[in-house]
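Inspection log for the structure reproduced underneath, given as structure tokens.
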Amino acid sequence: MKKLAVVLTIVGVCASLAAVGETARRRLENPALGMIRHVVLFKFKDGTSEADVKKITDAFAKLPDQIPEIADFEWGTDNSPEGLAQGFTHCFLVTFKDAKARDAYLPHPAHKAFVDILKPHLDKVLVVDYVATR
């Protein structure tokens, strides 16, 4: 009976190690797995000028140089033919190595200064964070 318990324990440990190894292998193949994606969509107030929008997008695009926790950054404007954007015109994708990096970004002085630039022109914002998986 003891031998069976030892064998079952070894099998369980091996299965756990195999699962951990598979996760590690997938992360080596795609290092972005497990990273936090911070998706931000803006709908600007009516009357917001193109110059103000440019000031906002430029300020957001400078954050990766000011906040080392940002692993990657990209943005674009809506071009979907579906017409379901509900007035949201600008989408930003900010990537963080982990939740700790994201949590350091939110109260960062550069992020707060950006929010101060944005707020007077913002009608609505939608934010979704997720962990990259396959």
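The values are calculated or read from the model by the stated rules, or taken from the named source; none is laboratory data. Everything numeric here is computed off the predicted structure, so don't read it as measured data. Here Cβ is always computed from backbone atoms with ideal geometry, including for glycine, and neighbour counts include all displayed protein chains.
Look through Phe88, Phe92, Phe73, Phe96 and report the one residue that is more than 12 Å from the chain's Cα centre (by Cα), surrounded by 12 or more Cβ atoms within 10 Å (Cβ to Cβ) and among the hydrophobic types (A, V, I, L, M, F, W, C).
Phe88
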Six or more apart or on different chains, Cβ under 7 Å: which pairs go from a residue in region 111-122 that's β-branched (Val, Ile, Thr) to one that's at pLDDT 95 or above and surrounded by 13 or more Cβ atoms within 10 Å (Cβ to Cβ)? Could you list them?
-> Ile117/Lys55; Ile117/Ile56; Ile117/Ala59
In region 65-79, the residues that are assigned to a loop (DSSP other than H, G, I, E, B) and in contact (Cβ under 8 Å) with a residue 24 or more places away in the chain | Ile67, Glu69
